[in-house]
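J.: Questions regarding the structure given below will be posed in turn.
The values are calculated or read from the model by the stated rules, or taken from the named source; none is laboratory data. Predicted model only: the values in this text are computed from it and were never measured. Neighbour counts run over all protein chains shown; Cβ positions are idealised from the backbone, glycine included.
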Amino acid sequence: MKFDTPAKANPIDKGRVVGIPHDRIDGAAKVTGTAPYAYERHDAAPNAAYGWIVGSAIAKGRIAAMDLRAAEAAPGVLGIVTHANAGKLTKGNMNTAHLLGGPQIEHFEQAVALVVADTLENARAAAALVHIDYTPESGKFDLAAEAIRGVVPPDSFGTPADTSAGDFDGAFSRAAVKLEQRYTTPDHSHAMMEPHASIAAWNGDKLTLWTSNQMIAWTVGDVARTLGIPKANVRLISPYIGGGFGAKLFLRADALLAALGARQVGRPVKVALARPQIPNNTTHRPATIQRIRIGADRDGVIDAIAHEVWSGDLPGGSAETAAAQTRLLYRGANRMTAHRLTTLNLPEGNAMRAPGEAVGLLALEVAMDELAEMCGVDPVELRIRNDVQFDPEAGPQRPFSSRKLVECLRAGADRFGWNRRIPKPGQVRDGRWLVGMGMASAFRNNLAGKSGARIGIDAQGRVVVETDMTDIGTGSYTIIAQTAAEMLGVPLEQVTVRLGDSRFPVSAGSGGQWGANSSTAGVYAAAMALRAKLAEAAGYPVDAAGFEDGLIRNGNESRKLAALAGDTGLWAEDSMEYGDLDKRYAQATFGAHFCEVGVDTDTAEVRIRRMGGAFAAGRILNPKSARSQVIGAMTMGAGAALMEALDVDTRFGFFVNHDMAEYLVPVHADIPQQDVLFIDELDDKSSPMKAKGVGELGICGAGAAVANAIYNAAGLRVRDYPITIDKLLRAQMA
Ligand code: MOS
């Protein structure tokens, strides 16, 4: 099915099941420990051996010699995979560095060996006996020092690195009010709960991988490419995933090395990355340096806006597209954005939790707060004055498909009690605490991708949906079941959803907050095909047929779906493909974040007191799971503002704080109150679901609201994230 004209009224609009805050249908399995995660499939590979990854102890250089003798002789050892015995491996399309390094070393903790043994303990103990001599080379590890050498990176998802409209320099120089500031964000680690984990089993030349992966088809492709085997010989199974956050978009070392280990020792092998291996072995969100210039009139109306971003990655890597939102969020005829990418020999940088906007808004929305103060305009009002209902780079001929930023700002401010804020910093005290409020706009791109599904109904009237879509904790099972139930007029309890298996039709997968809208649109397409088959079986014209209460109706006549399905059942498969509506219309999601903090007058400790936000992201398919997505994302925003940072050892080129004791993320006690309001919106240009993404929107801007609240509380402006006590004390003394 092709989606190339705006959606008309359709079966989803009934809103009988879709749009209901239904509990997760996989919830009980998860909380009772019966949902099998990748490393737990004991039933699938009962005799699995255990692999332990040995990571490189240098960031750049070569392996001069490997001595495996002591490790091979250790108790329980079954085999050791290295570059010398792994056979030819071709780098995956989605990987920047090789997943098995050697003799060349591309980054610290790059896998250089997999020790396979009968138990985890034996594998780990033997791994410590692998002796490697390295010939190190000097590398580049310091973004601040290297940024100057940045070059124009390749397009990211079809978007160029640089954009411009009008005459920024001229307009900026003439502006009555000029803001120019520099902001930095550090490297971030995904820190999802479930580590990278896989079990590999070979049956002849056929490989099965039980793994934890967001994008099944991409990863099947890269497993096949890396091993040089046909895609048809690779099966990926990833039914439950304990968080992805972008870390599991691609094939990683756990899956590849499990496959290599299993091939070498002739039995299934399971490999998980230990937490301290993850930040350096896998990927991270690259650090950024950002420069923002805004020229406005005295009322704060923007005429010129520029956002430049510097980041680094390994050779062949990608830039952090932190200026993305600045292309679309605010008015101004004169504008430019630019990204520069420099080579760093740190571990691979890649997508993490709303790549681009998550850190871009940490800069832009603080800059807007600073501009509001310079102009003496309320920060909410400043944003309303600068709203634009079309793509400001392209002009009015490219309107937004839907854009309710102003509605979010107004409703969010109202609900939060924004009118109680005192604009002048440092005015409100509560005991030891200086208390303040801050806000920020939320913006995240909306992408839709081709997504397929098959759907069947049996003689009992049970509906089964199969798609390789993944549920990374987001609620995919539930919204897909809701979609199928709505389309076929059956109760939700009658729908079984099977996900995360490469034998199922290829979906859009989980990434970039495109999963919910895209995957349910694919189910919509398949359900339309099944409705046509059921109508044909009933002898009814499909356009006149109604589906409800397990029946197909035509006027006064009706037939039971279960009877039409018969003993063989009826199946249909289709996918949703997209035309150029995303070119004719700018598509994005919007919101407004509000935060209240306390700053300790003596110690500068920051405590978030409450966060609230209003969001417009098309049809909200399930308000309960969507709310969970948004409060989780707001929490990530708070983490970026106050805690999260990988500390780089710029001498040796690795992330020092590589575990959950030293890489800090917020917990429940850090944010006592979170409130989420969804603004009603149907986007008929996004898909027949009229939904957009919501998973990443909540992170975008949340951290800036925290930073702005700190400024309002204590008058301290820290532009280098995270805003830690040491930086606040330094700002206090300045
Ligand atoms: Mo997301 S960072 O595209 O999983």
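J.: I'm trying to understand the selection: among the residues of region 84-132, which are in contact with a Leu (Cβ under 7 Å, 6 or more places away or on another chain) and charged (D, E, K, R)?
T.: Matches in region 84-132: Glu106, Asp118.
J.: Here is a follow-up. Have a look at Val309, Val366 and point out the one that is over 24 Å from Trp514 (Cα atoms) and free of Cβ contacts under 8 Å to residues at least 60 places away in the same chain. First the steps, then the outcome.
T.: On the way: Val366 fails: free of Cβ contacts under 8 Å to residues at least 60 places away in the same chain.
Answer to the check: Val309.
Table: residues versus (1) surrounded by fewer than 24 Cβ atoms within 10 Å (Cβ to Cβ); (2) more than 16 Å from the ligand (Cβ to nearest atom); (3) of a type outside the set (Asp, Glu).
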{"residue": "Val359", "(1), (2), (3)": "no, no, yes"}
{"residue": "Val366", "(1), (2), (3)": "no, yes, yes"}
{"residue": "Ala372", "(1), (2), (3)": "yes, yes, yes"}
{"residue": "Ile384", "(1), (2), (3)": "yes, yes, yes"}
{"residue": "Asp387", "(1), (2), (3)": "yes, yes, no"}
{"residue": "Pro392", "(1), (2), (3)": "no, yes, yes"}
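J.: Here are the criteria: (1) on the phi > 0 side of the Ramachandran plot; (2) of a type in the set (Gly, Ala, Ser); (3) assigned to a helix (DSSP H, G or I). Tell me which single one Gly33 does not satisfy.
T.: (3)
J.: Still on this structure, I have one more. Is it the case, given these coordinates, that Asp582 is in a helix (DSSP H, G or I), out of contact with any Lys or Arg (no Cβ under 6 Å at 6 or more places or on another chain) and surrounded by fewer than 21 Cβ atoms within 10 Å (Cβ to Cβ)?
T.: Against the criterion (in a helix (DSSP H, G or I), out of contact with any Lys or Arg (no Cβ under 6 Å at 6 or more places or on another chain) and surrounded by fewer than 21 Cβ atoms within 10 Å (Cβ to Cβ)), Asp582 qualifies.
J.: Still on this model: Under the condition of being farther than 23 Å from Ser56 by Cα and within 22 Å of the chain's Cα centre (by Cα), which residue from region 250-294 is surrounded by the fewest Cβ atoms within 10 Å (Cβ to Cβ)?
T.: Ile289
J.: Let me ask something else about it. Identify the single condition in (1) assigned to a strand (DSSP E or B); (2) within 30 Å of Ser519 (Cα to Cα) that Val630 does not satisfy, given that it satisfies every other one.
T.: It is condition (1) that Val630 fails.
J.: Is it the case that Thr342 is touching a residue at least 12 places away in the same chain (Cβ under 8 Å), closer than 28 Å to Leu409 by Cβ and either assigned to a strand (DSSP E or B) or touching a strand residue (DSSP E or B) at 6+ places or on another chain (Cβ under 9 Å) (or both)? Working first, answer last.
T.: On the way: touching a residue at least 12 places away in the same chain (Cβ under 8 Å): yes; closer than 28 Å to Leu409 by Cβ: no; either assigned to a strand (DSSP E or B) or touching a strand residue (DSSP E or B) at 6+ places or on another chain (Cβ under 9 Å) (or both): yes.
It is false that Thr342 is touching a residue at least 12 places away in the same chain (Cβ under 8 Å), closer than 28 Å to Leu409 by Cβ and either assigned to a strand (DSSP E or B) or touching a strand residue (DSSP E or B) at 6+ places or on another chain (Cβ under 9 Å) (or both).
J.: Do the conditions hold for Gly639, that is, is it within 16 Å of the ligand (Cβ to nearest atom), buried (at least 24 other Cβ atoms within 10 Å of the Cβ) and not in a helix (DSSP H, G or I)?
T.: Working: within 16 Å of the ligand (Cβ to nearest atom): yes; buried (at least 24 other Cβ atoms within 10 Å of the Cβ): yes; not in a helix (DSSP H, G or I): no.
So Gly639 fails the test.
J.: Take Gly266 and decide whether it is more than 16 Å from the ligand (Cβ to nearest atom), at pLDDT 95 or above and in contact with a strand residue (DSSP E or B) (Cβ under 7 Å, 6 or more places away or on another chain). First the steps, then the outcome.
T.: Numbers: more than 16 Å from the ligand (Cβ to nearest atom): yes; at pLDDT 95 or above: yes; in contact with a strand residue (DSSP E or B) (Cβ under 7 Å, 6 or more places away or on another chain): no.
The answer is no for Gly266.
J.: Something else: So if I check each of Ala259, Ala217, Ala296, which one is away from the ligand (no atom under 16 Å from the Cβ), of a type outside the set (Lys, Arg) and more than 30 Å from Met374 (Cα to Cα)? Steps first, answer last, please.
T.: Details: Ala217 fails: away from the ligand (no atom under 16 Å from the Cβ); Ala296 fails: more than 30 Å from Met374 (Cα to Cα).
Only one candidate passes the filter, namely Ala259.
J.: Among the residues of region 148-168, is any part of a loop (DSSP other than H, G, I, E, B), aliphatic (A, V, I, L, M) and either farther than 30 Å from Ala333 by Cβ or free of Cβ contacts under 8 Å to residues at least 12 places away in the same chain (or both)?
T.: Within region 148-168, the subset part of a loop (DSSP other than H, G, I, E, B) is 150, 152-155, 157-158, 160-162, 166-167.
Right, trim to aliphatic (A, V, I, L, M) and you get 152, 161.
Next cut, either farther than 30 Å from Ala333 by Cβ or free of Cβ contacts under 8 Å to residues at least 12 places away in the same chain (or both) only: none.
No.
J.: Within the set of pairs 6 or more residues apart or between chains, which connect a residue that is within 16 Å of the ligand (Cβ to nearest atom) inside region 499-516 to a residue that is in a helix (DSSP H, G or I) with Cβ atoms less than 6 Å apart?
T.: Ser507/Ser519; Ser507/Gly522; Ala508/Ser518; Ala508/Ser519; Ala516/Ile479
J.: Related question: Considering each of Arg432, Arg444, Arg398 in turn, give the residue that is within 16 Å of the ligand (Cβ to nearest atom), on the phi < 0 side of the Ramachandran plot, touching an Asp or Glu at 6+ places or on another chain (Cβ under 7 Å) and at pLDDT 95 or above. Spell out the reasoning first.
T.: Details: Arg432 fails: within 16 Å of the ligand (Cβ to nearest atom); Arg398 fails: within 16 Å of the ligand (Cβ to nearest atom).
None of the other options fit; the residue is Arg444.
J.: Can you spot a residue in region 393-409 that is of a type in the set (Gly, Ala, Ser) and in contact with a Phe, Trp or Tyr (Cβ under 9 Å, 6 or more places away or on another chain)? Before the answer, list the steps.
T.: Taking region 393-409 first, the residues of a type in the set (Gly, Ala, Ser) are 394-395, 401-402.
So of that shortlist, the ones also in contact with a Phe, Trp or Tyr (Cβ under 9 Å, 6 or more places away or on another chain) come out as 401-402.
Yes; the residues of region 393-409 include at least one that is of a type in the set (Gly, Ala, Ser) and in contact with a Phe, Trp or Tyr (Cβ under 9 Å, 6 or more places away or on another chain).
J.: Also, quick follow-up: If you check Arg331 against the conditions, is it surrounded by fewer than 21 Cβ atoms within 10 Å (Cβ to Cβ) and in a loop (DSSP other than H, G, I, E, B)? Break it down stepwise before answering.
T.: Values: surrounded by fewer than 21 Cβ atoms within 10 Å (Cβ to Cβ): yes; in a loop (DSSP other than H, G, I, E, B): yes.
Here the answer is yes, as Arg331 does meet what is asked.
J.: Give just the number: which of (1) part of a helix (DSSP H, G or I); (2) within 18 Å of Ala448 (Cα to Cα) does Ser507 not satisfy?
T.: (1)
J.: Among the numbered conditions (1) touching a helix residue (DSSP H, G or I) at 6+ places or on another chain (Cβ under 6 Å); (2) within 21 Å of Ala287 (Cβ to Cβ); (3) not in a loop (DSSP other than H, G, I, E, B), tell me where Arg717 comes up short.
T.: (3)
J.: Only residues in region 421-449 that are in contact (Cβ under 8 Å) with a residue 40 or more places away in the chain and more than 27 Å from Thr589 (Cα to Cα) count as the first member; pair them with residues that are β-branched (Val, Ile, Thr) and in a loop (DSSP other than H, G, I, E, B), Cβ under 6 angstrom, at least 6 apart or cross-chain, and list the lot.
T.: From region 421-449, the pairs are Arg432/Thr601; Leu434/Thr601; Val435/Val428.
J.: Any idea which residue in region 180-214 is nearest to the ligand (Cβ to nearest atom), counting only those that are assigned to a loop (DSSP other than H, G, I, E, B) and hydrophobic (A, V, I, L, M, F, W, C)? Break it down into steps so the answer makes sense when it comes.
T.: First, the residues of region 180-214 that are assigned to a loop (DSSP other than H, G, I, E, B): 186, 189-196, 204-205, 212-214.
This time we only want the ones that are hydrophobic (A, V, I, L, M, F, W, C), so: 191-193.
Details: Ala191: 13, Met192: 10, Met193: 15 Å.
Within region 180-214, the match that is nearest to the ligand (Cβ to nearest atom) is Met192.
J.: Could you tell me which residue of region 220-242 is farthest from the ligand (Cβ to nearest atom), considering only residues that are in a helix (DSSP H, G or I) and of a type in the set (S, T, N, Q)? First the steps, then the outcome.
T.: Narrowing region 220-242 to residues in a helix (DSSP H, G or I): 220-227, 231-233.
Keeping just the survivors that are of a type in the set (S, T, N, Q) gives 226, 233.
Numbers: Thr226: 21, Asn233: 27 Å.
This residue is Asn233.
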